[in-house]
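The values are calculated or read from the model by the stated rules, or taken from the named source; none is laboratory data. Every value quoted in this text rests on a predicted model; they were computed, and no experiment measured them. As a convention, Cβ positions derive from the backbone with ideal geometry for all residues, glycine included, and neighbour counts pool all protein chains shown. Heads up: the accessible areas ignore ligands, DNA and RNA and are worked out on the full protein's heavy atoms, side chains in. Shrake-Rupley method; radii C 1.70, N 1.55, O 1.52, S 1.80 Å.
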Amino acid sequence: MGALEDPQAVFRAWARTMLAHVRGTRGGRDVPQAGEIFQTSTMGALIDGVYDGDVTIGELLRHGDFGLGTFNRLDGEMVVLDGTCYRLRADGSASIADAGDLTPFAAVTWFRPETTIPVKESTDQAAVTALIDKALGSDNLIYAIRIGGTFGEVRTRTVMRQQPPYPSLTDVAEKQQESTFHDVHGTVAGFRTPDFEHDISVVGYHLHFIEGDYRHGGHVLGYRLEDGVIEISSQSELHLSLPRTRQFLASDLDSEGLARQIHRAEGG
Ligand code: ZN
């Protein structure tokens, strides 16, 4: 009897195939959850003022344990760390988001670092970025980046709850609340996205900061790392979930100069 005619061997071969599929094994590598980024809506829609989405935080957390975004009405900056979704507001009234809260824009992934870079001396943002860029094998994948440690300085901005009719994000960003943290322990978390994703995401680095107390932070405008660890997790799958809200369906997302507006509103 050949091995594949043996019912047990057939079952084992089937189970291996199924497990490989579930784990996302490709090319002989065992990659947990296939390195997928789950993103709801597009940066272009957010720039256009689509601030109400239809994805709950509960659903978001089924697609990843790490990421960033914002909440409906732009009511705070989002950081997802180790499976917990934090809402950071300009006044420091941070909270853990409810499973039923909604997001108009967020991206999450299962964070499984493949590259770790220790930093033992004062390093400014440009130098940290250069260290990460050098460690990457390619500019053409999406990378989840987590930097934990002590920061000499972190500059952040925090969006504030908006009332309809919504202004564009470019207008909101011009009135944004900015904060500067000095000598704090915390985590910078976010993504490095390829240029070809402009309109869909924030190309380059999009990072959010959360202080060690999980109460303060926001969208990163600049930082200096004193001592810490950079972790990088590469992703090659993009799961883009588009809202079916009336505002999204009616939004004009072909506008020229959208990439320029994204840079103005999100540039760090
Ligand atoms: Zn942001």
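Only one of the listed residues (ASP213, ASP171) is among the charged types (D, E, K, R) and assigned to a loop (DSSP other than H, G, I, E, B). That residue is ASP213. For region 174-192, a residue qualifies if it is open to solvent by 80 Å² or more (accessible area, probe 1.4 Å) and either among the basic types (Lys, Arg) or assigned to a strand (DSSP E or B) (or both), and the qualifying residues are LYS175, GLU178, HIS182, ASP183, HIS185. Comparison of GLY222, GLY268 shows that the only residue that is within 16 Å of the ligand (Cβ to nearest atom), small (Gly, Ala, Ser) and at pLDDT 95 or above is GLY222. Filtering region 202-216 to residues that are touching a residue at least 60 places away in the same chain (Cβ under 8 Å), open to solvent by 10 Å² or more (accessible area, probe 1.4 Å) and away from the ligand (no atom under 11 Å from the Cβ) leaves TYR214, ARG215, HIS216. Among the residues of region 78-99, just one is out of contact with any strand residue (DSSP E or B) (no Cβ under 7 Å at 6 or more places or on another chain) and open to solvent by less than 30 Å² (accessible area, probe 1.4 Å), namely GLY92. For TYR86, are the conditions met, namely being assigned to a loop (DSSP other than H, G, I, E, B), at pLDDT 95 or above and more than 15 Å from HIS206 (Cβ to Cβ)? When the stated conditions are applied, TYR86 does not pass them. Just one of the listed residues (HIS185, HIS239) is of a type outside the set (Asp, Glu), more than 13 Å from the ligand (Cβ to nearest atom) and over 16 Å from the mean Cα position of the chain (by Cα), and it is HIS185. Number of residues in region 162-200 that are within 21 Å of GLY92 (Cβ to Cβ), of a type in the set (D, E, K, R) and modelled with pLDDT under 95: the value is 2. Within the group THR56, THR70, which residue is more than 12 Å from the ligand (Cβ to nearest atom) and not small (Gly, Ala, Ser)? Exactly one of THR56, THR70 is more than 12 Å from the ligand (Cβ to nearest atom) and not small (Gly, Ala, Ser), namely THR56.
Mind listing just one residue for me: the one in region 50-77 that is in contact with a helix residue (DSSP H, G or I) (Cβ under 7 Å, 6 or more places away or on another chain) and part of a loop (DSSP other than H, G, I, E, B) and, of those, surrounded by the fewest Cβ atoms within 10 Å (Cβ to Cβ)? By that ranking, first place goes to ASP52.
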